[in-house]
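Undergrad: Here's a structure for you.
The values are calculated or read from the model by the stated rules, or taken from the named source; none is laboratory data. Because the structure is a prediction, the values reported are computed rather than measured. Counting neighbours? That spans all protein chains shown, and the Cβs are built from the backbone with ideal geometry, glycine included. To get the accessible areas, we keep the full protein, side chains included, count just its heavy atoms, and leave off ligands, DNA and RNA. Shrake-Rupley method; radii C 1.70, N 1.55, O 1.52, S 1.80 Å.
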Amino acid sequence: MLRKPVARIDVDALKHNLTRVRQEAAGSKVLAVLKANAYGHGMLQVAEQLQQADAFGVARLDEALALRAGGIVKPIVLLEGFFDADELPQIVASNLQVVVHQQEQVDAIVAAELDAPIRIWLKMDTGMHRLGLPPEQYQAAWQALSQSPNALPGIRLMSHFACADDLQCPDTLEQMQRFAQWSHGLGGDISLANSAGLLGWPQSHGDWVRPGLMLYGVSPLLGKAGADHGLQPVMTLCSRVIAIRDVAAGETVGYGSAWQAQQSTRLAVVAIGYGDGYPRMVPNGTPVLLHGQRFPIVGRVSMDMLTIDIGQQAVKPGDEVVLWGQGLPVEEIAALVGTIPYELLCNITPRVDFVYQGGN
Ligand SMILES: *Cc1c(COP(=O)(O)O)cnc(C)c1O
């Protein structure tokens, strides 16, 4: 039995979550977002299991090329578009679609000589102020592209929300209004909603929804967990106990002696640490699951190990410990570290073994 961390990937949960997307956004097509190694879940494996999606989205050209090299034939959208006109022949050859979010990209497409026209998603900055054309320039960019033989007819119209995870925040409605106002009269499919838009703002669904996090069974909404939306966690991160030791009252554990036993107790050492992507900044008391029960992490997380206080529980080396996933939402761990679940999932390192289960 290997005593090292394993990320179990529940393929049935992944498919279930896509079904939930379809239920929530019944009239919309689904662009499943697979960037950053499918949020740490394994991009190619996830793509192979999401045959029911209508298209895939990635951030970068190398991600899209890796999917094509892996035999994925579904439409793939480059969510950041291209950065240099040099990339356009490759984009055409690999049959990729591009988000166009700035004037330089519009000009490059119009000026290019291409073997075939490209499917374009024209992005408006409605308030995120990251990528996107200013609303006042949107119609002119659309005109220029529509007249170019390099753009497939039926340019798609998109934007991205800044605060959709916060259901109290009025910005999302303002962004939708701005989008409607400045895209008025342009035909073409509309796409606004990420997972938070999809779950929190049904009026944003449009023709294409773009879920990422939700597919992995995790809630994007503040203070919620995936189960609140009928989602199932796809990744369960686990490892095993490698040592047990008794500590007396007053003894400390780990680097910096950051935790001290108030009474005599028993600790289990678990084979996972920040070198595997488990966050070093978890506070004392952060839960893990062992024998289906919660036990607290005590002392600092090291590179390869962490320690938990098991009290009177009968535990032996080799017993499995769950760090997050089934029974222990990653949303909860993220909140304890002051970050978002996206970051914890993406941070899993190649040192962790991936095991894909179910899906038959
Ligand atoms: C990453 C991304 C998404 C998916 O966001 P989630 O919050 O994970 O659902 C959607 N659209 C764009 C443009 C993105 O970059």
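Undergrad: Which peptide among 180-187, 226-233 comes first, and what is the full order, when sorted by highest mean count of other Cβ atoms within 10 Å? Don't skip to the answer; put the middle values down first.
TA: Working: 180-187: 13.0, 226-233: 18.8.
Per-residue Cβ counts within 10 Å, averaged per peptide and sorted highest first, yield 226-233, 180-187.
Undergrad: Let me check I've understood the local charge: for His229, count other residues with C-beta under 14 angstrom from its C-beta, Lys and Arg +1, Asp and Glu -1. What total comes out? Each step should come with its number before you reach the end.
TA: Details: positive: Arg20, Arg22, Lys224; negative: Glu24, Asp165, Asp228, Glu331.
My count for the surroundings of His229 gives -1.
Undergrad: Now a separate question. Which lysines, on any chain, are close to Lys224 with Cα under 24 Å apart, when same-chain ones fewer than 8 places away are left out?
TA: The reachable lysines, counting only those whose Cα sits under 24 Å from Lys224, are Lys15, Lys35.
Undergrad: Label 7 Å along Cα→Cβ of Met281; region 124-168 residues with amide nitrogen under 14 Å?
TA: Counting backbone N atoms under 14 Å from the label point, the list is empty.
Undergrad: Right, something else. List residues of region 11-30, by number, whose backbone nitrogen lies under 11 Å from a label position 7 Å along Cα→C-beta of Asp189.
TA: Inside the label zone: 28-30.
Undergrad: Can you list the lysines whose alpha carbon sits under 24 Å from that of Lys4, skipping same-chain ones fewer than 8 residues off?
TA: Output for Lys4: Lys316.
Undergrad: So what is the relative contact order for region 272-346, in percent, with contacts set as C-alpha pairs under 8 Å and at least six apart?
TA: Numbers: 111 pairs, mean separation 22.9, N = 75.
Computed value for region 272-346: 31 percent relative contact order.
Undergrad: Which residues' amide hydrogens lie under 5 Å from the amide hydrogen of Val288, considering only partners 5 or more residues apart or on another chain, with H built in the peptide plane?
TA: Answer set, sorted by chain and number: Phe295, Ile297.
Undergrad: Could you compute the FRET efficiency for Glu87 and Ala258, with r as their C-beta to C-beta distance and R0 at 56 Å, rounded to 0.05?
TA: On the way: r = 48 Å, r/R0 = 0.87.
Calculated transfer efficiency: 0.70.
Undergrad: Which far-off residues, 5 or more places away or on another chain, put their amide H under 5 Å from the one on Arg240, with H placed in the peptide plane?
TA: The answer is Lys4, Ala271, Val321.
Undergrad: How would Cys346, Cys163 rank on accessible area, largest to smallest, probe 1.4 Å? Before the final figure, lay out the partial values.
TA: Numbers: Cys346 60, Cys163 35 Å².
Largest accessible area first, the residues go Cys346, Cys163.
Undergrad: Which of the DSSP-defined H helices in the chain satisfy a minimum axial length of 27 Å, computed from C-alpha atoms, and a minimum mean Kyte-Doolittle hydropathy of 1.0?
TA: Correct list, ordered by number: empty.
Undergrad: Do any cysteines in the chain lack another Cys Cβ under 4.7 Å, and if so which?
TA: Within the chain, the cysteines lacking a partner Cβ under 4.7 Å are Cys238, Cys346.
Undergrad: Continuing with the same structure: What's the longest piece of the chain with no exposed trypsin sites (Lys or Arg not before Pro), counting a site as exposed if DSSP puts it in a loop and it has at most 16 other beta carbons within 10 Å?
TA: Details: sites that count: Arg3, Arg60, Arg130, Arg280, Arg351.
Maximal segment without exposed cleavage sites: 131-279.
Undergrad: To the nearest 0.05, how large is the calculated FRET efficiency for Leu336 and Ala116 if R₀ is 51 Å and r is the Cβ-Cβ distance? Walk me through the intermediate numbers first.
TA: Details: r = 50 Å, r/R0 = 0.98.
Here the calculated transfer efficiency is 0.50.
Undergrad: Between Asp62 and Gln147, with labels modelled 7 Å along Cα→Cβ, what's the label distance in nm to one decimal, could you check?
TA: A separation of 3.9 nm, rounded to one decimal place.
Undergrad: If I build a Gaussian network model for the chain, linking alpha-carbon pairs within less than 10 angstrom, which residue out of Ala69, Ala225, Ala164 has the largest mean-square fluctuation?
TA: Ala69
Undergrad: At Lys29 and Ala162, where each label point lies 7 Å from the Cα along Cα→Cβ, what is the point-to-point distance in nanometres?
TA: 3.0 nm
Undergrad: Nearest 5 percent is fine: what portion of the DSSP beta bridges confined to the chain is antiparallel?
TA: Details: 28 of 55 bridges.
So the antiparallel bridges amount to about 50 percent of the total.
Undergrad: Would you please give the FRET efficiency between Ala180 and Glu320, computed as 1/(1 + (r/R0)^6) with r the Cβ-Cβ distance and R0 = 41 Å, to the nearest 0.05? Working shown, then result.
TA: Numbers: r = 51 Å, r/R0 = 1.25.
Given R0 = 41 Å and the Cβ-Cβ separation, E is 0.20.
Undergrad: Here's something else I'd like to know. Could you state the per residue volume, in Å³, of the convex hull enclosing the Cα atoms of the chain?
TA: Values: hull volume 51.6 nm³, N = 360.
Dividing the Cα hull volume of the chain by its residues yields 143 Å³.
Undergrad: Moving on to the next point. For labels at Ser94 and Glu136 in the simple 7 Å Cα→Cβ model, what's the distance in nm?
TA: Calculated label separation equals 3.7 nm.
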